[in-house]
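Peer 1: Following this message is one structure expressed as structure tokens.
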Amino acid sequence: MRPPRQGEVRVMQVTIVDAFTQTPGAGNRAGVVLDAAGLDAAAMQRIAAAVGASETAFLLSPPGESLVRLRYFTPTDEIDFCGHATVATFHLLAERGLLGRSGTYRLECAAGTLDVELEPVGAKGSRVWIVTPRNPFLESPVPVEQVMALVGGTAAMVDPSLPVRRNAHRLMIPLRRQADVWELAPKGGALAELLAPHGVKGVYVFTRETREAGSVAHSRYFVPGLGVAEDPVTGSASGPLGMYLASHGVVALPAGGGTVRARIEQGDAIGKPGRVEVEVTGSAGQPERARIGGVAVTVLEGTLRA
């Protein structure tokens, strides 16, 4: 793709994909641009804002190569990594026959180079498995009482048996009950203002009280610092949550080392249910790696003038 001339309007092909679901309208919606090699950051940001999904992924490498280069933009900012937009992109590449339905690939993004595996599901689909970036779990830089007040809850909702932690640009807060998670109604502007001086963009709340027997946690994610009031289903947070739960014995790893799988629920509270499979590898209380897995469904293909 040649670079655009100054002032030129380009017609871009954009595909809308719902990730972590096979039901259109559920899960987490992503925009995918497969022909983005000639776009600069300003153009990608304009496209992401026009698409309006929580994230849009831009493919910079030629389709069909084993090394897949992506950049991710919310409607207001570029981010290092996005789980659901990665699932959406690899789903689309496999669906179009540009990648095999099974196989191993490498993802290159601002967060680093990550391993990706495609696993066949059903007659035509694939589950996308992604090794998520690993970041340390730190003490919260702000009092949890202040945070809970601004997400529309109280400190009494917090589960005292698990710690509040910061991981990358998010706070992870365990709550006692699913009803508490559903009750929250954040004050986005005030929450962003509280968190911004500490480099925190959002609050990820979860509970061990789930809707389905096979799940290990039920969650919501508010990200006002990135222009996203609520992210429906968050792969980039689900991997760290798997690591967190394994560190505290909620997900039980073998004493001698091994791999376990669990499922995280998200999106139900806003009518967009999605399910993230999480695979954690390590030994009891000492997780070493997490992968997230998800399916997707293509919803809409069209053109965008940007």
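Peer 1: If a residue must be part of a helix (DSSP H, G or I), of a type outside the set (Phe, Trp, Tyr) and buried (at least 21 other Cβ atoms within 10 Å of the Cβ), how many such residues does segment 227-257 contain?
Peer 2: Count: 11.
Peer 1: Residue pairs, Cβ under 6 Å, 6 or more apart or interchain, first in segment 277-290 and among the polar types (S, T, N, Q), second at pLDDT 95 or above and buried (at least 16 other Cβ atoms within 10 Å of the Cβ). List them.
Peer 2: The qualifying pairs are Thr281/Arg289; Ser283/Leu253.
Peer 1: Next question. Give just the number: which of (1) surrounded by 15 or more Cβ atoms within 10 Å (Cβ to Cβ); (2) in the same structural domain as Arg170 (by TED's automatic domain parsing) does Pro143 not satisfy?
Peer 2: It fails just one condition, (1).
Peer 1: Go over the candidates Gly199, Gly153, Gly227 one by one and state the one that is over 18 Å from Pro273 (Cα atoms), in the same structural domain as Val251 (by TED's automatic domain parsing), at pLDDT below 95 and among the small types (Gly, Ala, Ser).
Peer 2: Gly227
Peer 1: While we're here: Only one of (1) buried (at least 16 other Cβ atoms within 10 Å of the Cβ); (2) modelled with pLDDT of 95 or more fails for Pro24. Which number is that?
Peer 2: Tallying (1) buried (at least 16 other Cβ atoms within 10 Å of the Cβ); (2) modelled with pLDDT of 95 or more, Pro24 fails exactly one: (1).
Peer 1: Has segment 77-91 got any residue that is under 14 Å from Val131 (Cα atoms), in a strand (DSSP E or B) and not acidic (Asp, Glu)?
Peer 2: Checked against the condition, which is being under 14 Å from Val131 (Cα atoms), in a strand (DSSP E or B) and not acidic (Asp, Glu), segment 77-91 yields no hits at all.
Peer 1: Now for a different question. Which numbered condition in (1) under 26 Å from Thr23 (Cα atoms); (2) out of contact with any Pro (no Cβ under 9 Å at 6 or more places or on another chain); (3) modelled with pLDDT of 95 or more is the only one that Leu98 fails?
Peer 2: Among (1) under 26 Å from Thr23 (Cα atoms); (2) out of contact with any Pro (no Cβ under 9 Å at 6 or more places or on another chain); (3) modelled with pLDDT of 95 or more, Leu98 violates only (2).
Peer 1: Only one of Leu118, Leu114, Leu98, Leu107 is in contact (Cβ under 8 Å) with a residue 12 or more places away in the chain, in contact with a Gly (Cβ under 6 Å, 6 or more places away or on another chain) and in a strand (DSSP E or B); which?
Peer 2: Leu118
Peer 1: Among the candidates Val299, Val280, Val260, single out the residue that is over 15 Å from Val128 (Cα atoms), part of a strand (DSSP E or B), in the same structural domain as Val32 (by TED's automatic domain parsing) and in contact with a strand residue (DSSP E or B) (Cβ under 9 Å, 6 or more places away or on another chain).
Peer 2: Val299 is the lone residue from the list that is over 15 Å from Val128 (Cα atoms), part of a strand (DSSP E or B), in the same structural domain as Val32 (by TED's automatic domain parsing) and in contact with a strand residue (DSSP E or B) (Cβ under 9 Å, 6 or more places away or on another chain).
Peer 1: When you go through Glu95, Glu65, Glu78 one by one, which is the residue that is touching a Lys or Arg at 6+ places or on another chain (Cβ under 7 Å) and not aliphatic (A, V, I, L, M)?
Peer 2: Going through Glu95, Glu65, Glu78 in turn, the sole match is Glu78.
Each row is one residue, and each column tells you yes or no for (1) under 21 Å from Glu277 (Cα atoms); (2) of a type in the set (Asp, Glu); (3) in the same structural domain as Gln266 (by TED's automatic domain parsing).
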{"site": "Arg127", "(1), (2), (3)": "yes, no, no"}
{"site": "Met148", "(1), (2), (3)": "no, no, yes"}
{"site": "Val158", "(1), (2), (3)": "no, no, yes"}
{"site": "Ser161", "(1), (2), (3)": "no, no, yes"}
{"site": "Arg165", "(1), (2), (3)": "no, no, yes"}
{"site": "His169", "(1), (2), (3)": "no, no, yes"}
{"site": "Pro174", "(1), (2), (3)": "yes, no, yes"}
{"site": "Ala179", "(1), (2), (3)": "no, no, yes"}
{"site": "Gly189", "(1), (2), (3)": "no, no, yes"}
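Peer 1: Considering segment 165-183 alone, what residues qualify as being under 14 Å from Glu145 (Cα atoms) and either over 20 Å from the mean Cα position of the chain (by Cα) or of a type outside the set (Val, Ile, Thr) (or both)?
Peer 2: Arg165, Leu171, Met172, Pro174, Leu175
Peer 1: Test Arg127 against the criterion of being in contact (Cβ under 8 Å) with a residue 40 or more places away in the chain, in contact with a helix residue (DSSP H, G or I) (Cβ under 9 Å, 6 or more places away or on another chain), in a loop (DSSP other than H, G, I, E, B) and within 30 Å of Ser61 (Cα to Cα), and give yes or no. If you could, list the steps in order and put the result at the bottom.
Peer 2: Numbers: in contact (Cβ under 8 Å) with a residue 40 or more places away in the chain: yes; in contact with a helix residue (DSSP H, G or I) (Cβ under 9 Å, 6 or more places away or on another chain): yes; in a loop (DSSP other than H, G, I, E, B): no; within 30 Å of Ser61 (Cα to Cα): yes.
No: the conditions fail for Arg127.
Peer 1: Which numbered condition in (1) more than 24 Å from Ala37 (Cα to Cα); (2) modelled with pLDDT of 95 or more is the only one that Val121 fails?
Peer 2: (2)
Peer 1: Pick out the one residue from Ala88, Ala110 that is within 22 Å of Ala229 (Cβ to Cβ), under 16 Å from the mean Cα position of the chain (by Cα) and modelled with pLDDT of 95 or more.
Peer 2: Ala88
The values are calculated or read from the model by the stated rules, or taken from the named source; none is laboratory data. Given the structure is predicted, the values throughout are model-derived calculations rather than measurements. Neighbour counts are summed over all protein chains in view; Cβ atoms, including those assigned to glycine, are modelled from backbone coordinates with ideal geometry.
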